[in-house]
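Quick notes on the structure that follows.
The values are calculated or read from the model by the stated rules, or taken from the named source; none is laboratory data. As the structure is a computational prediction, the values presented were derived from the model and not from experiment. Glycine also receives a Cβ, built like all others from the backbone with ideal geometry; neighbour counts cover every protein chain displayed.
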């Protein structure tokens, strides 16, 4: 099995309508969420780190420090997360990455330790997802041989969910609830109530 270093793909193109602004521009623990996500992916050893931008992309580029990442524009961001996943996977085809770890920008509780657990299984045929108790969530590891079919099935806001469901027999669930928090930030109340330890860092 060809095991190698995975890339990271951060989906940060949404408008954050319930929040009133793109979540990429939301501050959490003194950093923008998009910057935290990039730091997390890089601390986990992922290279390259690509960030898919859409809503207010020029503002995100101007305000966020993305020097350690490769921005990817998604002009179809309003159609849902699936279009961002497709755009990111298309851009990654120009790299030599054997797999990619997919992260969502609005999940600051995902740590580098969680990403490393998924990245340890990086291979062209890999399929893995983080486990949180009885549930599943991000990050998600997609081996390169799956990218074409994942992209074809990514429509609306479903992302890779349908594809992973169809490949359940091949899907590895990697427990991460001891090193990460799997919740996302949909509202200001979510941000305020997020576990205090998560605010301190990304490790």
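Residue 43 is checked against (1) buried (at least 18 other Cβ atoms within 10 Å of the Cβ); (2) modelled with pLDDT of 95 or more and fails just one. What number does that condition carry?
So residue 43 meets the others, but not (1).
Please determine, by comparing only the residues of the range 15-40 that are crowded, with 24+ Cβ neighbours inside 10 Å and closer than 18 Å to residue 75 by Cβ, which one is modelled with the lowest pLDDT.
Across the range 15-40, the extreme among qualifying residues is 22.
Consider residue 108 carefully, then state whether it is in a loop (DSSP other than H, G, I, E, B), touching a helix residue (DSSP H, G or I) at 6+ places or on another chain (Cβ under 6 Å) and surrounded by 22 or more Cβ atoms within 10 Å (Cβ to Cβ). Walk me through it before giving the result.
Numbers: in a loop (DSSP other than H, G, I, E, B): yes; touching a helix residue (DSSP H, G or I) at 6+ places or on another chain (Cβ under 6 Å): yes; surrounded by 22 or more Cβ atoms within 10 Å (Cβ to Cβ): yes.
Yes: the conditions hold for residue 108.
Any chance the range 147-158 includes a residue that's modelled with pLDDT of 90 or more and in contact with a strand residue (DSSP E or B) (Cβ under 9 Å, 6 or more places away or on another chain)?
Looking for residues that are modelled with pLDDT of 90 or more and in contact with a strand residue (DSSP E or B) (Cβ under 9 Å, 6 or more places away or on another chain), one finds at least one in the range 147-158, hence yes.
Just for the range 140-174: of the residues that are within 15 Å of the chain's Cα centre (by Cα) and without any contact (Cβ under 8 Å) to a residue 40 or more places away in the chain, which one is farthest from residue 4 (Cα to Cα)?
161
In the range 1-47, how many residues are without any contact (Cβ under 8 Å) to a residue 40 or more places away in the chain and assigned to a helix (DSSP H, G or I)?
Qualifying residue count, the range 1-47: 4.
Here are 128, 97: which of them is touching a helix residue (DSSP H, G or I) at 6+ places or on another chain (Cβ under 8 Å), surrounded by 19 or more Cβ atoms within 10 Å (Cβ to Cβ) and in a strand (DSSP E or B)?
128
List every residue pair whose Cβ atoms sit under 8 Å apart, with the two residues 6 or more apart in sequence or on different chains, where the first one lies in the range 48-59 and is on the phi > 0 side of the Ramachandran plot and the second, anywhere, is buried (at least 24 other Cβ atoms within 10 Å of the Cβ) and in a loop (DSSP other than H, G, I, E, B).
Once the first residue is on the phi > 0 side of the Ramachandran plot and sits in the range 48-59, its partners that are buried (at least 24 other Cβ atoms within 10 Å of the Cβ) and in a loop (DSSP other than H, G, I, E, B) give 56/22.
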